[in-house]
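Scroll down for the structure; my scribbles are underneath it.
Please treat every number below as a calculation from the coordinates, not as lab data. Quantities reported herein were computed from a predicted structural model and do not represent experimental measurements. All Cβ positions, glycine included, derive from the backbone under ideal geometry; neighbour counts span all protein chains shown.
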Amino acid sequence: MKKFAVFLVLLAGCFFLANAMINDSGYVLIAYEGMTLESSLWGMFLLILITIGVAWIGIKLVKLSLGASTLLYPWSVKARKSKAQRLSAKGLAEFSHGHWKKAEKLLSQAAESGEAPLINYLAAARAAHEIGRIDASAEYLRHADSKAPGAEIAIGITQAQLQLSGGQLEQALATLTHLHKKAPAHAYILKLLKQVYIRLSDWQALARLLPKLKKHKVVDERQYRHLEKQAFKALFEQAFRQGRSQKLVEDKVRPANKVWSGLTAHQRRSASMLYRYAHCLALLGADEKAERLLRENLAKSYSINLIQLYGKVKGKDANKQLLTAEALLSERTNDPELLLALGRLAMRNELWGKAREYFEASLRLRKCVDTYNELGRLLAHLEDHERSSRYFREGLQLATEQATLLPATVPATGQSQAEGPW
């Protein structure tokens, strides 16, 4: 209703204006320095309106040529930015869906248009890498560096990730080493370095990196222990392989001594580290040094592995070795591994009765193939062949039973839970 009323008012106004123009056209005379311009009043109004319209159109054309308009002219700066944003959004969507070829094209176009060039060039580099366009990927990274010179870390991390996924381990190591010097506390760079060292089996470098991984919370305590075990297990294995080719014992153990000297005081108190070092020494023929190391640390760092090894190594003084182990018995009277080790040491001292007592006490606490075999050997030496054969048979039967069991059930049968050779 309101609109209709407005329409009637406008219609009435037009009617009165038309009537005025017909009844009286008016007269306008403009004179200036001998020049005159005559016109009707309404013609003058029309000329003024036309002049204003031409001026408005001229201004708009100028704005168009300068790219200043954003509403009517799509090639303006704002319009180009809007288009680049659409390309970027679409490219990232294609990237998230794994459509690498489309993603590369859209993201590179968005970056070239100036829309978030760092992010778009990095994403385009990843997309190109996924479809095997390695040269194009490297080119995008170079463009990213030129567009965002202060983003060396972000670009370097992307480059290292692409090198890692492409199996370029040496190149990735070089990239990450450079980045680590620039940002030594960067957690993600440390994490990537850890991955490279593991894949390159560079256990020495991983061992050096471990304190930093822990300090900067790249790994939790459980992961740290696992990596520590993995690294030093491999290092002592390498030390054994390097040393066994030498002739003299002091030359054989030199690589193992080097690994040991590189440990922290806390690591040297670790039962697993003590075991690996002592076992490596024993394998290389340095039994006396291994026995001395175990004797000095057994009371403080007791473990199944350590007491098993102590019962096998041949120290300089067999009697002293036995007394050392017997000193542990007061606190560990029901330890089958300690009793087994004591039986072996008593046999070395030719204390046959004591050895038999220790073996039988160990066997009462836990059925073990090793204990059966040791008792069989001892009784064979004492020419009690009937009982010796019986123990050998029982040991063989136990070993056969254990071979058919699942690994998770083996400890319940009395099998040793030692870590193995290292």
Can you give me the relative contact order of the stretch 231-316 as a percent, contacts being Cα pairs under 8 Å and 6 or more apart?
-> 27
What is the fewest-to-most order of Ile57, Ile189, Ile119 by other Cβ atoms lying within 10 Å of their Cβ?
-> Ile57, Ile119, Ile189
Filtering trypsin sites (Lys or Arg not before Pro) in the stretch 232-273 by DSSP loop and by at most 16 other Cβ atoms within 10 Å leaves Arg244, Lys247, Arg269
Residue-span extension gain [Ala327 to Glu237] - 0.36 nm each, minus C-alpha spacing | 29.2 nm
Computed log₁₀ I(q)/I(0) - Debye formula, equal Cα scatterers, no solvent, the stretch 251-326, q 0.23, 0.24, 0.27 Å⁻¹ = -1.04, -1.12, -1.34
Given all pairs of distinct Cα atoms, the stretch 318-415 yields a Kirkwood Rh in Å of 13.9
Report the local net charge at Lys147: Lys and Arg +1, Asp and Glu -1, summed over other residues whose C-beta lies under 14 Å from its C-beta.
-> -4
Glu296/Ile198 FRET efficiency (R0 51 Å; Cβ-Cβ; nearest 0.05) | 0.95
Roughly speaking, what is the stretch gain from Glu112 to His99, that is 0.36 nm per residue apart minus the C-alpha to C-alpha distance, in nm to one decimal?
-> 2.7 nm
